[in-house]
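**Q** This is the structure, below, for whatever I ask next.
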Amino acid sequence: MNAIADRHHLNILKKGVSAWNDWREKHRDVQPQLNGADLRRAQLAGAQLSRANLYGANLSGADLSGANLQHATLNGATLHAASLREANLSQATLSGADLKEARFDGADLREARLNWANLYGTNLSRANLNGADLRETHLYEVDLSGANLSYASLSGADLGATNLYAARLIGADLTGASLANVNLSETDLRQARLIGANMEQAQLSRAHLDGLPLAGAHLREARLDGAHLRGANLRGAHLDDANLTDADLREANLSEAGLSGASLGGANLNGADLSNADLSDADLEGASLWGANLSGAHLQGACFSGAILRGARLGGVHLGELDLRNVNLSGADLSETDLSGVDFHNITLSRANLHAICLRGMQLADMNLSGADLSEADLSDADLREANLGGANLSGATLQRANLTRANLSGTQLNAADLTEAQISKAYLIRAEASGANLRAANLSGADLRETALLEANLSHTDLSRANLSQADLRSANLNGADLYMADVSEANLTSADLSGADLRGADFNHADLRGTHLDAARLAGARLTGPLPPHDVASAGSNDFPSIDDEVSVNTVGIP
């Protein structure tokens, strides 16, 4: 390469752009040799400088706006404060050039080579840098707002305090780039490579980062409010104190991520993996976490007020002392979750998985637990007054001394459940399945047990006064010493049930099946008995209260003492 410019070429250029362009038109095959030329403050707007050799030229303060520099060589050139607005520099080489404070707004720099160039304070707004090489480039305080940097190489570039607002960085290589405190709001970073990039305190509001591999990314105190991060891999990312308000994080991988003190209010985290993430002191008020995995996450001091956790997995999590006001945990997996100290006021747990959970002595009044899986759960001494447990699974659960007054247990599975001494007065157990349940000494006065299955249930010494047991299945049930005063047992199946010593005064057994029933010492004054009854010598031996009948008795009008 020549050390100095071709004097003939330089003289023609100094005659003005019109003369130069005419000469270029006539000598299209000639490559202008202007290397090392002193062209400071030259007026070259609209000049035809394609393929020109401007290696090491001094173009400080020059006006090259609208010029054609396609394929031009500007390596090591000085363009300090030069104007290249709307210029065509596609496939030009500017490696190591000094472009400090130059203006390239709207310029065409597609596939241009700018590696190692000094772009401090340069204006590249709206410039087209698609596929450009900007490796190891100094872009400090550069204005790249609205620029197209799709598939550009920016690995190792210094973008400190750069303005990339609304820029396009689709498929750009930002490996190891310094993006700290950079304005990337509304940028499109889809398919970009950000491995090892430092984005702490970066502004990424409403940026498009969907599906990006951001594992281990440094995003502390970054602004990601309204950002699009659907399906992004943020495993182990550092997002402490980051602003993710209203961000779209659906199906994102945030496992083991640091989100301590992060703002996630209103964020969409449906299906996100937050297992073992640190969410201590994070704000998730109003966030949506449908089906999210929070297993093993650290949630100390986190706020979930008004959050939706339907179908979320919370295994091994300690929810105590959390703000869970108005939280929807419908369908959430809370099995193996530590719920001690949780305030359940206004929490929805319908269809939640609470298998084998310990809720002993908890205040659960008015709770919505419909359809929840509480099988083998410990609810002894719990306050479940007026709670909705319709369709819930309480098979094998422990409910000793629990208060279920006026609770809805319709269609509930209570098979083999232990409800010893439980308060269940005026509760609704219509069509409940309670076969084999232990209801010994429980209070079911005024309860609605229509069509309930109580096959082989233990109801000994249970208070069933004024309860509705019509069409209930009480086959082989133990009702020894039970109080059925004024109860409705019409059409119930009491085959082989034990009613010995029971108080049946005023009870309605109309069309009940009492075959094989034990009624020894039962009090039957005022009971209405019609339908199939046990043989007199089997059921009533030694009982002065039992009417003298063989097969069937019509309505008994004997007064109740």
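Taken together, the values in this text are just the output of simple stated rules run on the coordinates, not laboratory data. Predicted model only: the values in this text are computed from it and were never measured. Here Cβ is always computed from backbone atoms with ideal geometry, including for glycine, and neighbour counts include all displayed protein chains.
**Q** Can you tell me which of 62-69, 520-527 comes out highest on packing, and rank the rest after it, using the mean Cβ neighbours within 10 Å? Mind dumping the intermediate values first?
**A** Working: 62-69: 23.4, 520-527: 21.2.
Output ranking for 62-69, 520-527: 62-69, 520-527.
**Q** For a quick check: with amide H placed at 1.01 Å from N, whose amide H comes under 5 Å from Arg223's, ignoring anything fewer than 5 positions away on the same chain?
**A** It is Ala202, Gln203, Leu204, Asn243, by chain and number.
**Q** Tabulate in residue order the Karplus-calculated ³J(HN,Hα) for the stretch 482-487, using 6.51 cos²θ - 1.76 cosθ + 1.60 with θ = phi - 60°, rounded to whole Hz; enter x for Gly and Pro.
**A** Taking θ as phi minus 60°, the curve returns 6, 9, 10, 4, 6, 6 Hz for the stretch 482-487.
**Q** While we're on this one: Would you mind putting 200-208, 407-415 in packing order, based on average other-beta-carbon counts within 10 Å, highest first?
**A** Highest mean packing first, the order is 407-415, 200-208.
**Q** Taking the convex hull of the Cα atoms, report for the stretch 369-457 its projected area averaged over all directions, in nm².
**A** Mean projected area for the stretch 369-457: 4.1 nm², to one decimal.
**Q** Another question, then. Taking H as built 1.01 Å from N, whose amide H comes closer than 5 Å to the amide H of Asn510, not counting residues under 5 places away?
**A** Here Val489, Ser490, Glu491, Thr530 satisfy the definition.
**Q** If N is the number of residues in the stretch 36-107, what value comes out of its Cα radius of gyration divided by 2.2 N^0.38 Å?
**A** Taking N as the residue count of the stretch 36-107, the ratio is 0.91.
**Q** Could you state the principal axis extents of the C-alpha atoms in the stretch 427-488, from the largest down, to the nearest angstrom?
**A** Here the Cα extents, ordered largest to smallest, are 22, 21, 16 Å.
**Q** Hey, another quick one. Mind pulling the angle between the C-alpha long axis of helix 17-26 and the longest principal axis of the chain? Nearest 10 degrees, somewhere in 0 to 90.
**A** Its long axis makes an angle of about 90 degrees.
**Q** Using each residue's phi in the stretch 37-44, evaluate 6.51 cos²θ - 1.76 cosθ + 1.60 at θ = phi - 60° and report the 3J(HN,Hα) Karplus result to the nearest Hz, with x for Gly and Pro.
**A** With the stated coefficients, the stretch 37-44 comes to 5, 8, 10, 4, 6, 5, 8, 10 Hz.
**Q** Kirkwood Rh and Cα-based Rg: tell me the resulting Rg over Rh for the stretch 112-201, rounded to two decimals.
**A** We get a ratio of 0.90 for the stretch 112-201.
**Q** Considering only DSSP states other than H, G, I, E and B, which trypsin sites (Lys or Arg not before Pro) in the stretch 21-69 qualify as loop sites with at most 10 other Cβ atoms within 10 Å?
**A** Details: sites: Arg24, Lys26, Arg28, Arg40, Arg41, Arg51; in loops: Arg28, Arg40, Arg41, Arg51.
For trypsin sites (Lys or Arg not before Pro) across the stretch 21-69 that sit outside H, G, I, E and B with at most 10 neighbouring Cβ atoms in 10 Å, the list reads Arg28.
**Q** Whole number please: convex hull volume per residue, Cα atoms of the chain, in Å³.
**A** Output value, Cα hull per residue: 137 Å³.
**Q** If you add up the charges near His218, with Lys and Arg at +1 and Asp and Glu at -1, over every other residue whose beta carbon is less than 12 angstrom from its beta carbon, what do you get?
**A** -2
**Q** Is it possible to state the helix-based mean residue ellipticity at 222 nm for the chain, with each DSSP H run of 4+ residues giving -39500 (n - 2.57), the sum divided by total residues, to the nearest 500 deg cm²/dmol? What is it?
**A** The helix-only estimate for the chain comes to -1000 deg cm²/dmol at 222 nm.
**Q** Hull surface divided by four, with the convex hull built on the Cα atoms of the stretch 191-268: how many nm²? Intermediate results must be reported in sequence, preceding the final value.
**A** On the way: hull surface 15.5 nm².
Its Cα hull, projected and averaged over all orientations, spans 3.9 nm².
**Q** Follow-up. If each Cα of the stretch 1-124 is one equal point scatterer, what is log10 of I(q)/I(0) from the Debye formula at q = 0.11 Å⁻¹?
**A** Per q value, in the given order, log10 I(q)/I(0) is -0.30.
**Q** For the stretch 239-251, just list the computed ³J(HN,Hα) in residue order, Karplus coefficients 6.51, -1.76 and 1.60, θ = phi - 60°, integers in Hz, with x standing in for Gly and Pro.
**A** Using θ = phi - 60°, the values come out as 10, 4, 6, 6, 9, 10, 4, 6, 6, 9, 10, 4, 6 Hz.
**Q** Over its Cα atoms, what ratio of radius of gyration to 2.2 N^0.38 Å does the stretch 238-355 give? Don't jump to the answer; show the numbers that get you there.
**A** On the way: Rg = 12.2 Å, N = 118, 2.2 N^0.38 = 13.5 Å.
In units of the globular-protein estimate, the stretch 238-355 measures up at 0.91.
**Q** Here is a further query. Hey, can you rank 249-259, 374-384 by average C-beta count inside 10 Å, highest first?
**A** Going from most to least packed, we get 249-259, 374-384.
**Q** Here's another thing I want to ask about it. Take the alpha carbon atoms of the stretch 276-337, find their center, do the same for the stretch 1-75, and report the distance between the two centers in whole angstrom.
**A** Each part's Cα centre sits 66 Å from the other's.
**Q** Between the stretch 98-148 and the stretch 460-532, what is the C-alpha centre distance in whole Å?
**A** 91
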